[in-house]
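What follows is a single structure, written as structure tokens, with notes after it.
The values are calculated or read from the model by the stated rules, or taken from the named source; none is laboratory data. What you see is a predicted model, and the numbers here were worked out from it, not measured in a lab. With ideal geometry, Cβ positions are generated from the backbone for all residues, glycine too; neighbour counts draw on all protein chains shown. Ligands, DNA and RNA are excluded from the accessible area calculation, which covers all protein heavy atoms including side chains. Shrake-Rupley method; radii C 1.70, N 1.55, O 1.52, S 1.80 Å.
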Amino acid sequence: MKIAIDGPAGAGKSTLARRIAERLGILYVDTGAMYRALTWKALANKVNLKDKAELRNLAVRTDITLAYNMGQVRVFCDGTEVTDEIRSPEVSRWVPVVAADEEIRAIMVEKQQAIAREQSVVMDGRDIGLCVLPDADYKFYLTASLEERARRRAKELVKKGYKVNFQEVKEEIRERDKLDTERLVGPLTVLPDSIVIDTSDMSPDEVVSRVLSLIGEDG
Ligand code: C5P
């Protein structure tokens, strides 16, 4: 079973993917965490993010591992845990710049496909249905209004102890979606075979139930 979940920031992809994976007893792969971990390392090493050669060089020398423990995903970069660090506003701001590079994307897509070759997966990201799992059994495109997505993201950041300005969070999301949608390689897009779900007025439980019923696993 291969399930692809794509959509803009804050649409509820990771909550849905984690819960579907748990319910079906299959692996959840958070592909955004991989791009975030690389961006974290580039920032920590003061790499010029506009210097493609330097960035690509860093990417081939970086080992990113996702570890799964009781439904939680822990992220390691060259053996150092970066689970919390990769969610910082600074990483969120720069990750779409790193993710726009075609060679970086090729490296990541290959790693993601290697994971999916071995086992059943639910993957969330931006280009899963388009590039990583074009033959997925199901492709979902999760979305919600910008206002609602910004509200969810702000709540998440407050919970993690960050001081947030709602307008800034909204702008960051708008800018990130624009970069993710307009890039030439692996852009975020609704595919002809995507099942679109607008989660603006839905609770996480309702989204999970809808998806389970669509894949015939609600019995
Ligand atoms: O899913 P998340 O919001 O953590 O993803 C962070 C960023 O990583 C996205 O905004 C995008 O720039 C990049 N990304 C990507 N392709 C994916 C997953 C994430 O380009 N499959």
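Each residue in the stretch 173-219 was checked for being more than 21 Å from residue 138 (Cβ to Cβ) and assigned to a helix (DSSP H, G or I), and 10 of them qualify. Note on the stretch 120-143: residues that are open to solvent by 10 Å² or more (accessible area, probe 1.4 Å) and part of a loop (DSSP other than H, G, I, E, B) total 7. Inside the stretch 53-91, residues that are among the charged types (D, E, K, R) and out of contact with any Asp or Glu (no Cβ under 9 Å at 6 or more places or on another chain) make up a count of 5. A single entry from 206, 148 fulfils the requirement of being away from the ligand (no atom under 14 Å from the Cβ), among the charged types (D, E, K, R) and open to solvent by less than 80 Å² (accessible area, probe 1.4 Å): 148. Those strands (runs of 3 or more DSSP E) of the stretch 1-73 in which at least 1 residues are open to solvent by 10 Å² or more (accessible area, probe 1.4 Å) and over 30 Å from residue 145 (Cβ atoms), considering only elements entirely within it, cover 27-30, 64-69. For the stretch 25-34, state whether one or more residues are free of Cβ contacts under 8 Å to residues at least 60 places away in the same chain and either closer than 23 Å to residue 199 by Cα or within 12 Å of the ligand (Cβ to nearest atom) (or both). Yes. Looking only at residues in the stretch 74-92 that are part of a helix (DSSP H, G or I) and not acidic (Asp, Glu), the one that is modelled with the lowest pLDDT is 89. Taken over the stretch 104-119, residues that are part of a loop (DSSP other than H, G, I, E, B) and open to solvent by less than 40 Å² (accessible area, probe 1.4 Å) amount to 0.
Taking every residue in the stretch 100-118 that is away from the ligand (no atom under 11 Å from the Cβ) and pairing it with any residue that is open to solvent by 90 Å² or more (accessible area, probe 1.4 Å) and assigned to a helix (DSSP H, G or I), at least 6 positions away or on another chain, the pairs with Cβ-Cβ distances below 7 Å are 107/60. Residue-level check: of (1) closer than 19 Å to residue 102 by Cβ; (2) more than 16 Å from the ligand (Cβ to nearest atom); (3) at pLDDT 95 or above, residue 51 misses just (3).
Yes/no matrix, rows are residues, columns are (1) assigned by the TED database to the domain that holds residue 150; (2) more than 19 Å from residue 175 (Cβ to Cβ):
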residue: 3; (1), (2): yes, yes
residue: 16; (1), (2): no, yes
residue: 32; (1), (2): no, no
residue: 45; (1), (2): no, yes
residue: 69; (1), (2): no, yes
residue: 73; (1), (2): no, yes
residue: 97; (1), (2): no, no
residue: 107; (1), (2): no, yes
residue: 110; (1), (2): no, yes
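Annotation note: of 163, 178, the sole residue that is in contact with a helix residue (DSSP H, G or I) (Cβ under 9 Å, 6 or more places away or on another chain), at pLDDT below 95 and surrounded by fewer than 16 Cβ atoms within 10 Å (Cβ to Cβ) is 163.
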